[in-house]
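Please read the structure below before turning to the comments.
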Amino acid sequence: MRPWLTCLAAAACALATNGCFAGRYLADRGADLADVFVAEVGVGPGLEAHAQLTGYLGAGVGRSQLSVLLLHGRDVGTGGRSSSGLLWTASTQMDYRKVCSLRGARKHSGRETRAWRYLLPDSSFSSNRRYRPHWPDNFNIEVGAAYFIVGAHVGINPVELVDLLLGVVTIDIVGDD
């Protein structure tokens, strides 16, 4: 038998003998994978572009108000994003209207506002009571734009990527498994 096939068979047996653990382990890895990404697509009036390098550095130019379909980590649903900026002064507000978790947690709604003055954070407020810790979201790297009636917003979270990689060996630095 080939060595890689032996290793694969041994891993499959180990997972199968763990019963519930195998199902939960795979579900946690799937949720960790989803946590890495932020994506939105929306419609509404506006002409703007914005970027966020963590929650501590951001800028934007223009103004938009979009109704969006969103994937924010393991949260999916609908919401609204209002963004405005003049390079050194920018803000973005996210209204979560109907959002639920890919892991089956209860539905929730709320509002999150971030503002930057001279590229640095001016304020950050969240009324969103999510079940997972909020601190990893401060490390998102995101960009977005709106062009007349359509807009998009995408991002990646490096902390959640590290959590995904360490989660393979059952280390959960974010505490969301």
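The values are calculated or read from the model by the stated rules, or taken from the named source; none is laboratory data. All of these numbers come straight from a predicted model, not from anything done at the bench. As a convention, Cβ positions derive from the backbone with ideal geometry for all residues, glycine included, and neighbour counts pool all protein chains shown.
So here's what we get for this one:
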item	result
From the options Tyr147, Tyr131, residue that is in a loop (DSSP other than H, G, I, E, B) and either modelled with pLDDT under 80 or loosely packed, with under 14 Cβ neighbours inside 10 Å (or both)	Tyr131
Only one of Leu71, Leu33 that is assigned to a helix (DSSP H, G or I), within 16 Å of Glu160 (Cβ to Cβ) and not basic (Lys, Arg)	Leu33
Residue in the stretch 99-120 that is modelled with the highest pLDDT, counting only those that are among the aliphatic types (A, V, I, L, M) and in contact with an Asp or Glu (Cβ under 6 Å, 6 or more places away or on another chain)	Val99
Residue ID - modelled with the lowest pLDDT, chosen from residues in the stretch 51-72 that are of a type in the set (S, T, N, Q) and surrounded by fewer than 17 Cβ atoms within 10 Å (Cβ to Cβ)	Thr54
Test: residue in the stretch 157-172 that is part of a loop (DSSP other than H, G, I, E, B), modelled with pLDDT of 80 or more and acidic (Asp, Glu)	yes
Selection count where residues are modelled with pLDDT of 95 or more and outside any strand (DSSP E or B), scope the stretch 36-50	0
Positions within the stretch 150-177 being within 19 Å of Pro121 (Cβ to Cβ) and either more than 13 Å from the chain's Cα centre (by Cα) or loosely packed, with under 14 Cβ neighbours inside 10 Å (or both), in sequence order	Pro158
Residue among Tyr96, Tyr25 that alone is assigned to a strand (DSSP E or B), aromatic (Phe, Trp, Tyr) and either on the phi > 0 side of the Ramachandran plot or modelled with pLDDT of 75 or more (or both)	Tyr96
